[in-house]
């Protein structure tokens, strides 16, 4: 199965989330950039507000694919204590990586939100959307951030996910909704006929249209 584009994928995904429609405590958060067109369709169908969760993984120096933590807006920092301890990573290295990635978080939030404040997630039903999950590292970081911010109930919702990532992440989320779990995954883009990169301008347009839906 292939989706024609992210818009179609979002509409199909929304059909699996109708139990959340019209709830005043529901918020759709999309991972930019590719998750935003998918999240927009979900938010529209559920009559829920749409925003982004800008999260940056903190890679271990020299082995950046291995996460020692993550940062998000409002100065949120989540650390992976077992990794830090086992590799004896210096506090200065952690602080330097966090400062660098926090700067990028602030830059992206400013570019996407245009001055709008980030929504509160405390106690809310948060539907966390992306256009697909391969390794799951970004989604794992996003889940850690939402736990730190005390979201009430976290639903990961994606059109397609690698089986290994699905099996791991479903234990970290309160609920996991996915349309496709291929046996041989490959890459997210192969499940879309149109997988053109989502621009910053498109992210801003969709957020403005979906804000306070």
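Round to the nearest 0.05 the FRET efficiency obtained for residue 193 and residue 95 when R0 = 35 Å and r is the Cβ-Cβ distance. Mind dumping the intermediate values first?
Working: r = 44 Å, r/R0 = 1.27.
E(calc), rounded to 0.05, equals 0.20.
Taking neighbour Cβ counts within 10 Å as the exposure measure, how do 19, 147, 6 sort from fewest upward?
Values: 19 9, 147 13, 6 25.
Listing 19, 147, 6 from fewest to most nearby Cβ atoms yields 19, 147, 6.
How much mean residue ellipticity at 222 nm does the chain get from its helices, if each DSSP H run of length 4 or more adds -39500 (n - 2.57) and you divide by all residues, to the nearest 500 deg cm²/dmol?
Result for the chain, helices only: -11500 deg cm²/dmol.
Let me make sure I get this right: for the range 59-150, a, b and c are the square roots of the gyration tensor eigenvalues over alpha carbons, sorted descending. Under 1.5 in a/c it's rounded, otherwise prolate if a/b > b/c, else oblate. Which is it?
Taking the square roots of the gyration eigenvalues as a ≥ b ≥ c, the range 59-150 is prolate.
What do you get for the angle between helix 35-46 and the principal long axis of the chain? Use alpha-carbon atoms, 0 to 90 degrees, nearest ten.
Tilt relative to the chain: about 50 degrees.
Shape of the chain from its Cα gyration tensor (a ≥ b ≥ c, root eigenvalues): rounded if a/c is under 1.5, otherwise prolate when a/b > b/c, or oblate?
prolate
In µm²/s, what is D for the range 56-113 at 10 °C and 1.306 mPa s, where D = kT/(6 pi eta Rh) by Stokes-Einstein and Rh is the Kirkwood radius from Cα pairs?
Calculated translational D: 137 µm²/s.
Tell me, in nm to one decimal, what length is gained between residue 81 and residue 110 on full extension, where the rule is 0.36 nm per residue of separation less the Cα-Cα distance?
7.4 nm
Would the range 139-213 count as rounded, prolate or oblate if I go by the C-alpha gyration tensor, calling it rounded below 1.5 in a/c and otherwise prolate when a/b exceeds b/c, oblate otherwise?
oblate
How far, in nm, would the chain grow between residue 201 and residue 148 when pulled straight, counting 0.36 nm per residue and subtracting the alpha carbon separation?
Extra length available between residue 201 and residue 148 comes to 16.1 nm.
Quick note: the coordinates plus some simple rules give every number you see, no bench work behind them. Because the structure is predicted, anything quoted here is derived from the model rather than measured. FYI the Cβ positions are ideal-geometry reconstructions off the backbone, even for glycines, and counts take in every protein chain you see.
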